[in-house]
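Q: Dropping a structure here in structure tokens format, bear with me for questions.
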Amino acid sequence: MSNSIGAALSSVHDRIHQAESQAQRPSGAVQLIAVSKTFPADAIRDAWQHGQRAFGENYVQEFTDKLELLKDLPVEWHFIGPIQSNKTRIVAEHAHWVHSVDRSKIAERLSAQRPETMPALNVCLQVNVSGEDSKSGCAPDEVASLARLISGLPRLQLRGLMCIPEPTEDHERLGRQFSLLSSLLQQLNSQGFTLDTLSMGMSSDLDLAVREGATMVRVGTAIFGARHYL
Ligand SMILES: *Cc1c(COP(=O)(O)O)cnc(C)c1O
């Protein structure tokens, strides 16, 4: 059990608590999802030993491998990456949450493939808040209709919205994008939804996201270190 992951986790918790208190939000309002993509299963064990229970993965193949390697640990799995429609089954059968639902076909397949013996799959609708062409996520003006569609699917539980803002250090731009997601959630709730989740904020901008109302932050680098892609 390496000390460095434990130390990194506690400093991320400190940042979250500080941001919660600066925003006058209750302590514990924000859940930390540890994003373990590209890191080995042992890094997850290590973080688990330090009390972390919720982990985020982006790639279906890597998720599949880690499920097998970690089947002795009751990890709370969050799938946060783009999903191709022919790869939904393993996610439907094993994830507790999917943050990256951005079109009807994926939502319909996840619902159809969610086993009856499991609770409904918690999902967030991913929104492209920056308007970048290359980004996953539905357009802000599609949110209401997709939210209605997902709410009608029997094996999904729509919990809220998720975004990945533009990669910029410009806090004002980031703040506007987080605040757009937050106001889209409020609009849905004023139309009769009862959504409780805003999944936004990563290693570099979680403080800002918490200030704008994040209830889940997805943090990789600040816990596990820099990623090295093969
Ligand atoms: C990789 C990733 C993260 C974590 O990013 P860091 O900057 O390493 O904290 C969060 N969310 C999504 C969707 C990701 O793909």
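The values are calculated or read from the model by the stated rules, or taken from the named source; none is laboratory data. All of these numbers come straight from a predicted model, not from anything done at the bench. Note that we place each Cβ from the backbone using ideal geometry, even for glycine, and neighbour counts take in every protein chain shown. Surface accessibility is based on the protein's heavy atoms, side chains included, excluding ligands, DNA and RNA. Shrake-Rupley method; radii C 1.70, N 1.55, O 1.52, S 1.80 Å.
Q: Looking at 100, 111, 130, can you tell me which residue is modelled with pLDDT of 95 or more, in a helix (DSSP H, G or I) and of a type in the set (Gly, Ala, Ser)? So that I can check it myself, show each step before the final result.
A: Numbers: 100 fails: in a helix (DSSP H, G or I); 130 fails: in a helix (DSSP H, G or I).
Answer to the selection: 111.
Residues checked against (1) more than 28 Å from residue 134 (Cβ to Cβ); (2) out of contact with any helix residue (DSSP H, G or I) (no Cβ under 6 Å at 6 or more places or on another chain):
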{"residue": "62", "(1), (2)": "no, yes"}
{"residue": "67", "(1), (2)": "yes, no"}
{"residue": "71", "(1), (2)": "yes, yes"}
{"residue": "75", "(1), (2)": "yes, yes"}
{"residue": "78", "(1), (2)": "no, yes"}
{"residue": "84", "(1), (2)": "no, yes"}
{"residue": "88", "(1), (2)": "no, no"}
{"residue": "95", "(1), (2)": "no, yes"}
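Q: Ok, one more. So which pairs qualify, if the first residue must be in region 36-53 and within 14 Å of residue 225 (Cβ to Cβ), the second must be open to solvent by 30 Å² or more (accessible area, probe 1.4 Å), the Cβ gap must be under 6 Å, and the two must be at least 6 apart or on different chains?
A: From residues that are within 14 Å of residue 225 (Cβ to Cβ), the pairs are 38/227; 46/1; 46/2.
Q: Considering only region 187-195, I want to know if a residue exists there that is within 14 Å of the ligand (Cβ to nearest atom) and either of a type in the set (Ser, Thr, Tyr) or open to solvent by less than 30 Å² (accessible area, probe 1.4 Å) (or both).
A: So in region 187-195, the residues within 14 Å of the ligand (Cβ to nearest atom) come out as none.
Within region 187-195, none of the residues are within 14 Å of the ligand (Cβ to nearest atom) and either of a type in the set (Ser, Thr, Tyr) or open to solvent by less than 30 Å² (accessible area, probe 1.4 Å) (or both).
Q: Do we find a residue being in a strand (DSSP E or B), within 14 Å of the ligand (Cβ to nearest atom) and in contact with a strand residue (DSSP E or B) (Cβ under 7 Å, 6 or more places away or on another chain) anywhere in region 78-94? Step through it out loud before you land on a result.
A: Restricting attention to region 78-94, the residues satisfying the condition of being in a strand (DSSP E or B) are 78-79.
Going one step further and asking which of them are within 14 Å of the ligand (Cβ to nearest atom), we end up with 78-79.
Subsequent filtering for residues that are in contact with a strand residue (DSSP E or B) (Cβ under 7 Å, 6 or more places away or on another chain) retains 78-79.
Yes, because at least one residue in region 78-94 is in a strand (DSSP E or B), within 14 Å of the ligand (Cβ to nearest atom) and in contact with a strand residue (DSSP E or B) (Cβ under 7 Å, 6 or more places away or on another chain).
Q: Another question, then. Among the listed residues 176, 89, identify the single one that is touching a residue at least 24 places away in the same chain (Cβ under 8 Å) and open to solvent by 60 Å² or more (accessible area, probe 1.4 Å).
A: Details: 176 fails: touching a residue at least 24 places away in the same chain (Cβ under 8 Å).
Within the list 176, 89, the selection yields 89.
Q: Here's a check for you: in region 66-80, which residue that is in contact (Cβ under 8 Å) with a residue 24 or more places away in the chain and farther than 21 Å from residue 217 by Cα is surrounded by the most Cβ atoms within 10 Å (Cβ to Cβ)? Quick ask: steps written out before the conclusion?
A: Residues of region 66-80 in contact (Cβ under 8 Å) with a residue 24 or more places away in the chain: 66-67, 69-70, 73, 75, 78, 80.
Checking which are farther than 21 Å from residue 217 by Cα leaves us with 66-67, 69-70, 73.
Details: 66: 23, 67: 17, 69: 14, 70: 18, 73: 13.
Filtering first and then ranking leaves 66.
Q: Another one. Which residues, taken from region 1-31, are within 16 Å of residue 208 (Cβ to Cβ) and touching a residue at least 60 places away in the same chain (Cβ under 8 Å)?
A: 12, 15, 16, 18, 19, 20, 22, 23, 25, 29, 30
Q: Filtering region 196-208 down to residues that are out of contact with any Cys (no Cβ under 7 Å at 6 or more places or on another chain) and away from the ligand (no atom under 11 Å from the Cβ), which residue is farthest from residue 176 (Cα to Cα)? Don't jump to the end; show me each part of the working.
A: First, the residues of region 196-208 that are out of contact with any Cys (no Cβ under 7 Å at 6 or more places or on another chain): 196, 198, 201-208.
If we keep only those that are away from the ligand (no atom under 11 Å from the Cβ) too, we end up with 196, 198, 207-208.
On the way: 196: 20, 198: 15, 207: 14, 208: 10 Å.
Step by step, filter region 196-208, then rank; the result is 196.
Q: Could you grab me the full set of residues in region 2-54 that are among the basic types (Lys, Arg) and part of a loop (DSSP other than H, G, I, E, B)? Give the steps one after another, and end with the answer.
A: Let us first name the residues in region 2-54 that are among the basic types (Lys, Arg), namely 15, 25, 37, 45, 53.
25, 37, 53 - these are the residues of region 2-54 that are among the basic types (Lys, Arg) and part of a loop (DSSP other than H, G, I, E, B).
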